[in-house]
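None of the figures in this text is laboratory data; all of them are computed from the coordinates on show. What you see is a predicted model; the values in this text were computed from it and never measured. FYI the Cβ positions are ideal-geometry reconstructions off the backbone, even for glycines, and counts take in every protein chain you see.
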Amino acid sequence: MSYSFRWVVGKRVLLCTFEEDLTVSQIKALIGDIKVQVQAGDAPMFIIYDARQLGKFPTDLKAIRDISEPSSKSVMWSVLIYSYLTQRFIANMAAQLLGNRLRTVTSSEACIHFLLASDPSLYPHMHDLDAALGIGSDSRDSDTVDSN
């Protein structure tokens, strides 16, 4: 398994967690899976990509651009949690090429701060966001969808 999905706040905040290495073909599958999840969501949505456990990541911008698609207008922002500068740069470049809105951060706290600043209506769900990203108690009771 390379990634899994879980709705964190209703059908508005989708958490995608990565583990192990990620290949270009897995990114292509991920894009299809994200489209399915976004179609089931309620706008405005946010997608959190938690890549803190991600191993290797493709760095060929052309290959990533060739398989990527612009994000749905329902997605207000995507947030990538990842500490490696090179991969964050590549993710930002790919997002810009596609016209997607991506914010890269290095911690779960920074992610939550950005989400709350972007949409204050998420404040009542701060505990859910904290728990999903491993801050404080870990009460994960939402459904998880694993990749094949």
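Worth a mention:
- As a proxy for reagent exposure, ranking 123, 82 by other Cβ atoms within 10 Å from fewest up yields 123, 82.
- Interchain or long-range residues, amide H under 5 Å from residue 19's placed H: 3
- Residues whose placed amide H lies under 5 Å from that of residue 12, excluding near-sequence neighbours: 42
- Burial ordering of 17, 23, 106, fewest other beta-carbon atoms within 10 Å first: 23, 106, 17
- For residue 7, the residues 5 or more places off, or on other chains, whose built amide H falls under 5 Å of its own are 15, 143.
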